[in-house]
1. Explain nothing, just the number: relative contact order of region C:332-460, from Cα pairs under 8 Å at least 6 residues apart, as a whole percent.
2. Compute the angle between helix C:390-404 and the longest alpha-carbon principal axis of chain C, please, reported from 0 to 90 degrees and rounded to the nearest 10.
3. Just to confirm the filter: which chymotrypsin sites (Phe, Trp or Tyr not before Pro) across region C:283-388 are DSSP coil and have at most 15 other Cβ within 10 angstrom of their Cβ?
4. Compute the separation of the alpha-carbon centres of region C:352-413 and region D:1-59 and state it in Å as a whole number.
5. Can you give the FRET efficiency for A:L110 and C:R479, using 1/(1 + (r/R0)^6), R0 = 56 Å, r = Cβ-Cβ distance, to the nearest 0.05?
6. Using only the alpha-carbon atoms, how far is helix C:199-216 inclined from the longest principal axis of chain C? Give it as 0 to 90 degrees, nearest 10.
7. For C:D68, B:D59, C:D442, C:D127, which order do you get if you count the other beta carbons within 10 Å of each Cβ and list the fewest first?
8. May I have the convex hull volume per residue, in Å³, for the Cα set of chain C?
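Throughout, read-outs are computed from the coordinates displayed, never taken from laboratory work. Source: prediction; values computed, not measured. Neighbour counts run over all protein chains shown; Cβ positions are idealised from the backbone, glycine included.
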Amino acid sequence: MLKLTAIWLTHLLPGLLVTIFGIFLLQAVIALPAQPVGLTTEVQRELPNSGVTNPVTAVLLNFRGYDTLLEIAVLLLAVVAVWSLHVVPLRTGHARYVAETPVLAHLVRLLAPVMILVAGYITWIGSARPGGAFQGGSVLAAAMVLLLLASMIGIRPRQRWPLRVVAVLGLAVFVVIAGGTLVVGNQFLEYPRNQAYALMLVLESVLTISIGGTLALLFFGAIPETASFETMNDEG
Amino acid sequence: MSQFQIYGLASVLIFSIGLYGFIVHPHLVRKILAMNIMSSGIFLLLVSAARRDMHAIPDPVPHAMVLTGIVVSVSMTAFALALTRRVVAATGVAALLWMDAPVEAAPIAARNDEHSRDLDRVADPVAADRDDIHLSV
Amino acid sequence: MWPILLPLIGTIFTFLFKRGGAATISLVTVSAITLAVAGLTRQVLQHGEQYYAVGGWEAPLGIALHADGLSVLMLIMTTIVGASTSVYAMGYVFQGPRAGSAVGGYFFWPLWMFLWTALNVIFLSADIFNLYVGLEILSLSAVALVTLEGKPAAIVAGMRYLLASFLGSLAFLLGVALLYTASGTLELNSLGTRMLSNPSSGLALALIMLGLALKTALFPLHFWLPPAHASAAAPVSALLSGLVVKATFYMVLRLWFDVFPAIATPAVAQILGALGAVGILWGSILALRQQQLKLLIAFSTVAQIGYLFLLFPLSNGMTEIGLDAWSGGVYFALTHACAKAAAFMATGTLVYALGSDRLDDLPGTFRRYPLSVAAFTVAGVNLMGLPPSGGFIAKWLLLTSALNSGQWWFAVVILAGSLLGAGYVFMVLSRMLLDQPQSIADSKQARPVTLTTELSALALAVFVFVLGVTATPLIALLRIGAPF
Amino acid sequence: MTVSAWVFDMVLAAGLPVLAWSVLHTRDLFKAVALFIAYGLLIAIIWVRLHAPDVALAEAAIGAGLTGALLLDTLGRIGSRDTIESDASQSAAGERDQDKNA
C-alpha cells in the first residue's frame, strides 16, 4: 500500500499532470494558424535599408539590436555570476592531458587553427549569408575550450586584467556605439544609413571575440584569483 | 503531414518529456539537462512555425529569437552548474532533498565553526520541520 | 533611453574597477540615473505617454519602448529604493567568501547594477520578447546576489530560487512563442488588438501568468522566497523584497491590461484574487510563527504580495471603482517596496550587530541602536497600513473598491491581514523595546555599526510617510495612460 | 516535399523525443551527457532541415559542444552516478526488489 502511494506521488502523478499539460499544448499548437503570420514582409521591405543582406543578421544587429545588446549583457552577467561563486577553476597550464593522450594533442593542434579561421570566416560572411557574431563566436569558443582542455593555453592569476577586458569588450563597444547614436542625434541604436554596414562589421568582429572569450571564460569557471570555496568532495 | 506539423508535434513531446524529467529527478545535473531539453522544445516550436509555408522564405525573427535563447540558455547552464558544485561542496549531495533549514546568523563565538554547523543542520531532515517548503524544485 | 544605458555603463565600470572604486562609481551612476528618471518624469507629466522606437524601426519590426504613469512610478520606486540600498551597502560588511574582505562586497556592485538595468528595461519595455530578456537578466543577477552570502543555507536557497526562476522563465518563453506564432507580433499593443480567444492564446495566458506568479511568489508558488530572502545579505534582501518581486508583478499587470483583456475573464481574475487572499492569511500566520527576524520579514513579503493580486478581481469592469483598485494596488507596491526594503536594511544592521537573528536576542537594541529600531518601527507602521503612511492610502483604496464593487469578502481579508500584520510587527517591536538585563545588545559581544547603514534605512523608512502626504500628485501621475 | 525528405523528417522528429527520454532516464550521468550531445547534434541537423542555418551553426557549437563540455567538466568534479532518489521512490524500488525475491 505504502509502495503504491510512493510511486503514485513521485512518478505517476507528475506523469499524469504532464500528460494533461502536453494535451493542452498540442491543442494549442494545432490551433495555430496554418498560414505563417510573422514579420517576414516587414523584414524583407526594410532589408535594403539595414546595411546587410542576411535577414537574420539584420534582425539581430539592426532591427532588434537592443535585444542583442541585452543578450551580450547576459553573457557578461553570467561571467560575473560564475566568478562570484568562487568554484575551483579548470586545471590548466600543465601538460598532463597532452602527455597522456598524444592523439588529442595532434588533433587539437590541427583542429584549433582551422576552427579559429572558420570562426573568422563565419563572422565575416554573416552580413550576406548564414553566419555572424554569435555563430562565429561560438565556434571560436569551442576552439578555445579545446585548447584549454589540451592545456595548450592556460589562464594564470597574472592575467586578470586582460580577462576582464575580454569579458567586458563586447558590451563596452556595443554601449559606446549605442551611446554614439544618441549623441549624433539619432534614435538609440539607429545607425547612420550609409555607415550601417561598416558599423555592423566592426560590431560583429568585436562581438565575435567577446562572445568567444566570454563563453570560454564561462567554461574555465572561476576568476583566477581567489581561493576557492568549493572544498568538500573536490580535488581542491 | 507538413514539416511544421511533424516538428510541432515533436516540440510538444520534448517539452513535456523535459518537464516530466525536471519534476521527477532530484539530481541537479539532471534538472539542468531537463531545462535545456525544455528550452530546445520551445525553440523547435518557434523555428518550425516560421516555416509553415514551405515555399516562402522562413521568418527570420524567430531565428534571431532562438539564437538569443541559445546564448541565454548556455549562460544560465554555466551558472547553474557552478552553483551545483557549490551545493555539492556545501551539503555533499547534488540535490535539494531536504527542506531548507532556517537560516540563522551564528553567535559570534561560534562563528569560526559556522561552516560545519550549517552542514550538520541541513543534513538533518528532522531539524527542518518547516511546513511550507516542499521537496524538490 | 538613458535610464537603461546608465546602469549598464555602471556595470562595466564597477566590473573593471574593483575595491573601493566600485562603490564610488555606483554612487555616480545612482546620481546620473536619478537625473535621467527625473527628466523622463517631467516629459511624461508634460506630454503624457511616451513611445520610442529603438533603432528608428517602428514596431512591430523594431522594439518599442513605452513610458506612461505606471512605468515612471516604478522607475521612481526603483531609484529611491536603489539609491538608499546603495548607500546602505557601502557601509555594510559583506560576509560570504573570505568574510570581511571586499570580495563578497566587490561582486555585489556589478551584479546590483545588472539588476538595476534589468528593472529599468522591464519597466520601459513595450515588447514581449524584450521583456523576456529583461526577465532573464533579472533572475540571474538576483540569484547570484543571493548566493553571494556564501553560507550553505544561502547556496541551497539560491539553487532553489534558480530552479524556480528558470522554470518560470521557460513557462513565460513558451507563452511568448505561442503568442508570436499565433499573431505574428511581439509588440504589446498590437498583441492585444490581435488577441483571439482560442486554445493557443488561452494556454499562452495561463503559461505567462503561471511563470510570472512563480517568480512573484504568489501563494502557493512562494516556497522559494522565504529561504532566499532570509539567507541573503541584508542589502540584497532589501532589493529582492523591495524591487525584484515588484518587477515581475509589474509584468503581470502590464500584460493583463495591455495584452490579455480580450481573453482574461473575471473568473481568472477571481482565481488570482483568491490566491492573493490566501497568500495574505498564510504568509501572515507563518510570519507570526517565526522565531527568526529575517524569516519573519520574508514571510511578511509573501503576505504583502497577496495584496497586490487583489487588484485583479477588484478592478474588474474597468470603471471608476476599478481605477481606484488599480491605483491602490500599484501604490501598495510602491509603498511596500520602500517599507520592506527599509525593514530589511534596519534588521540587517541589527543582525550584524548582534550576530544573531533570533527574536529572543533582540531585547535592549532600542538603547544601543535607536536609529535602526526607529526605522523598523516606521516601516512597521506602513506594513500594518496605519496613517499617515502611504500604505494606509493604498489599503484604503483597495478597501473602498472592495466594498464599492460588492466584493466584501476581500475587504474582510484586507482587514484581517492588517490585524495579523500588526501582530507580527508588534511581536518584533515588543522584543526590541524590552529592557532585559544581560541582553546581547548591552554586552561587549555586540558589534558597532556604521552610521550610513542606520541612516539610509531610516531615511527610506521615513519616506513612506512622505508617500502618505504626496499620494494625490503621485496617483495623478500614475493615471497618465492608465488602461481605464 | 518528396517522399524521401518526408521520411527523413519523420525519422529525425521521432529520434528527438527518444533521445530526450534517454538523456533524462539513463542511470549513468556520463552516458546521459553523451546522449545530450548527440541530441544537440540532431537538433542542429533539424535546424538545417527547417532552413535555419544560422541557428544550426550556433546550436552545434554552443548547444552540443560547449554545453556538453560544461556538463562533462561538472560531472568530472562531482561524480556521475545518479544514486539520488527521492525517499519515496527509493523505498518503492526496495520493496519491488523484495517482491521479486519472494
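1. Working: 158 pairs, mean separation 56.2, N = 129.
Dividing the mean separation by the residue count of region C:332-460 yields 44 percent.
2. Roughly 40 degrees, rounded to the nearest 10.
3. Numbers: sites: C:F299, C:Y307, C:F309, C:W326, C:Y331, C:F332, C:F344, C:Y352, C:F366, C:F376; in loops: none.
Passing both the DSSP loop test and the Cβ count: no residue.
4. So the two Cα centres are separated by 54 Å.
5. Working: r = 67 Å, r/R0 = 1.20.
With R0 = 56 Å, the Cβ-Cβ based efficiency is 0.25.
6. Long axis of C:199-216 versus the principal axis of chain C: about 10 degrees.
7. On the way: C:D68 21, B:D59 29, C:D442 16, C:D127 25.
Neighbour counts put them in this order, fewest first: C:D442, C:D68, C:D127, B:D59.
8. Values: hull volume 58.9 nm³, N = 484.
Here the figure is 122 Å³ per residue.
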